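Engineer: Can you read through this structure? Questions will come right after.
The values are calculated or read from the model by the stated rules, or taken from the named source; none is laboratory data. Everything numeric in this text was worked out from a predicted model, so none of it was measured. Note that we place each Cβ from the backbone using ideal geometry, even for glycine, and neighbour counts take in every protein chain shown.
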Amino acid sequence: MRDQEAWLCFADESGQVLRPPKARTWSRCGHTPRVTVRGAGSGRISLAGVVCRRPGRPTRLIFRMLVHHGRKGERKGFREKDFAALMDAAHQQLGGPLVLVWDNYTHHVDAAMRELIEARSWLTVFRFPSYTPDLNPAEGVWAHLKNSLGNLAPCSLDELAALARTRLKRMQYQPGLLDGFIAETGIIPAPP
């Protein structure tokens, strides 16, 4: 990786619905806090993110979001071409070859994805062993995001998408936080 001046990238996907994740809060003794949630609708937001690290450069987060309102014919999640577009965007923004490490999700290992990977000479792909989310720093991004969305009750998917986008953009400007997600996995020691 150092010889190639390549970026080491960790990718993963996540999703969120209108029902907020469970979180802790404070209230007066004897008064259980309640968050009113609008339960209508079957939509969700799908997220794909890449945590990118290269020695001597700040760690970067690149993400994409799809909002699925539950309408007929609307995409429900990321497909092979979406992942390829995310990798193309990462390559363009980072300006160098990428070494991608991700899980064995169906859309990552099928023939269409292998074909898209082979068409990109600047991309080298490795896979995590099965059932090892604790090795992927992108999981830390999703955990941090969901923790920050705890106890919030957005009224619409568009409002939820705006909240998630704001929090992810905030993380993009905190390379130290992203370094912490990488260090937490134990794969690479934190930079000095």
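Engineer: For the stretch 56-69, how many residues meet the condition of being in a loop (DSSP other than H, G, I, E, B) and either surrounded by 12 or more Cβ atoms within 10 Å (Cβ to Cβ) or on the phi < 0 side of the Ramachandran plot (or both)?
Structural biologist: The initial filter retains those residues of the stretch 56-69 that are in a loop (DSSP other than H, G, I, E, B), namely 56-59, 69.
Right, trim to either surrounded by 12 or more Cβ atoms within 10 Å (Cβ to Cβ) or on the phi < 0 side of the Ramachandran plot (or both) and you get 57-59, 69.
The number of residues fulfilling the criteria is 4.
Engineer: Condition first: basic (Lys, Arg) and modelled with pLDDT under 95. Now tell me which residues in the stretch 62-86 satisfy that.
Structural biologist: Step one: filter the stretch 62-86 for residues basic (Lys, Arg), giving 64, 71-72, 75-76, 79, 81.
Of everything in the stretch 62-86, those that are basic (Lys, Arg) and modelled with pLDDT under 95 turn out to be Arg71, Lys72, Arg75, Lys76, Arg79, Lys81.
Engineer: So Asp179 ticks every box in (1) free of Cβ contacts under 8 Å to residues at least 24 places away in the same chain; (2) surrounded by 16 or more Cβ atoms within 10 Å (Cβ to Cβ); (3) not polar (S, T, N, Q) but one. Which box is left unticked?
Structural biologist: Evaluating Asp179 over (1) free of Cβ contacts under 8 Å to residues at least 24 places away in the same chain; (2) surrounded by 16 or more Cβ atoms within 10 Å (Cβ to Cβ); (3) not polar (S, T, N, Q) leaves (1) as the failure.
Engineer: Further question: Restricting the search to the stretch 123-152, which residues are surrounded by fewer than 17 Cβ atoms within 10 Å (Cβ to Cβ), over 13 Å from Val51 (Cβ atoms) and among the small types (Gly, Ala, Ser)?
Structural biologist: Ser130, Gly150
Engineer: Say we look at the stretch 87-114 and pick out the residues that are part of a helix (DSSP H, G or I) and at pLDDT 95 or above; which of these is surrounded by the most Cβ atoms within 10 Å (Cβ to Cβ)? Before you say what the answer is, go through the steps one by one.
Structural biologist: We begin by selecting, within the stretch 87-114, every residue part of a helix (DSSP H, G or I); these are 87-94, 106-109, 111-114.
This time we only want the ones that are at pLDDT 95 or above, so: 87-94.
Details: Met87: 22, Asp88: 14, Ala89: 14, Ala90: 20, His91: 18, Gln92: 9, Gln93: 12, Leu94: 18.
Once the filter is applied, the top-ranked residue is Met87.
Engineer: Considering only the stretch 1-49, state which residues are small (Gly, Ala, Ser) and at pLDDT 80 or above.
Structural biologist: Let us first name the residues in the stretch 1-49 that are small (Gly, Ala, Ser), namely 6, 11, 14-15, 23, 27, 30, 39-43, 46, 48-49.
Within the stretch 1-49, Ala6, Ala11, Ser14, Gly15, Gly30, Gly43, Ser46, Ala48, Gly49 qualify.
Engineer: A follow-up question, please. Among the residues of the stretch 71-81, is there at least one that is farther than 25 Å from Arg19 by Cβ, charged (D, E, K, R), surrounded by 14 or more Cβ atoms within 10 Å (Cβ to Cβ) and touching a residue at least 60 places away in the same chain (Cβ under 8 Å)?
Structural biologist: So far as the stretch 71-81 goes, no, none of its residues is farther than 25 Å from Arg19 by Cβ, charged (D, E, K, R), surrounded by 14 or more Cβ atoms within 10 Å (Cβ to Cβ) and touching a residue at least 60 places away in the same chain (Cβ under 8 Å).
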